[in-house]
Each structure stands twice: as structure tokens, then as C-alpha cells.
Amino acid sequence: MPTDHLSATFAALADPTRRAILARLVSGETSVTELAAPFEMTTPAVTKHLKVLERAGLITRSRQAQWRPCQLNAAPLHQAADFIEQYRKFWEQSFDRLDAYLKTMQTTPQKTKIPKKISPKQMENKNGRKKR
């Protein structure tokens, strides 16, 4: 299991089922039974996903008599977003530089030199030989 919080967050987010669970929790506190309803898996299988999310700090679970509500904890998602933001800025700057370079390439006409065909006599002249 990952030891740092960011690794735990990304590991938890790696699974589409867990991302779907988090998406459902955005609207508010929900019971495990309600969370399990749209998935074609058993309640114990959903509970395993919830444990991963809980260990990552993405959800909190409580107990109110027979009802076990789950609640979203968005703080780890904010940390993951901050981490990703650094790289978004890097790529945005790289694309801006590429865009600027391509614009200069379009506005500056490129002169391509087409080599002339040189006859053998001209080659002799270039090499310093005298004409006969």
C-alpha cells in the first residue's frame, strides 16, 4: 500500500468504480446500500472499494444505528489537483512556445536553395584546373 497521501489518492482514483462512487458522493451523504445499487457487484465488493477510498482519506464512514452513511472528503482531491496543476502549466507553456515558433515559420518565407547541376568542366574549373 502506498505510504504517502498523494500516492494513496492516485491509487484509489485509478479504479473507475471508485471514481463513480466519489461522483455519487458529491451530491451528499449516502448509504453503502445506495452506493452499491447501480453497480453489478455485491455489497461486500462495494465495501472493499469503500475501504480503499477510506484509507486514502477520500471518504469518511460513520454509523447511525443500522444506517452506515459515507461522505466525501475532498481535501486529498485538492492536493492531487495542485500536483497536476504544475504539469498543466508546464504543458501549456510548451504549447505556447510551439505555437509562437510555428507562427514565425508561417510568416518568414523560407528560401530553399536548389543546387545547380554542375558539368564536369565546371567541376574542373572549381578544382583549380586550367581549361584546355
> So which helices (runs of 4 or more DSSP H) stay within region 1-113 end to end and still have 2 or more residues that are exposed (fewer than 10 other Cβ atoms within 10 Å of the Cβ) and within 16 Å of the chain's Cα centre (by Cα)?
Replying inline: 75-107
>> Given the criteria at negative phi and touching a residue at least 24 places away in the same chain (Cβ under 8 Å), does residue 44 qualify?
In response: no
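Bear in mind these aren't lab numbers, they're just calculated from the coordinates by the rules spelled out. Fair warning: this is a prediction, and the values are worked out from it, not measured in the lab. Note that each Cβ is placed from the backbone with ideal geometry, even for glycine, and that neighbours are counted across all protein chains shown.
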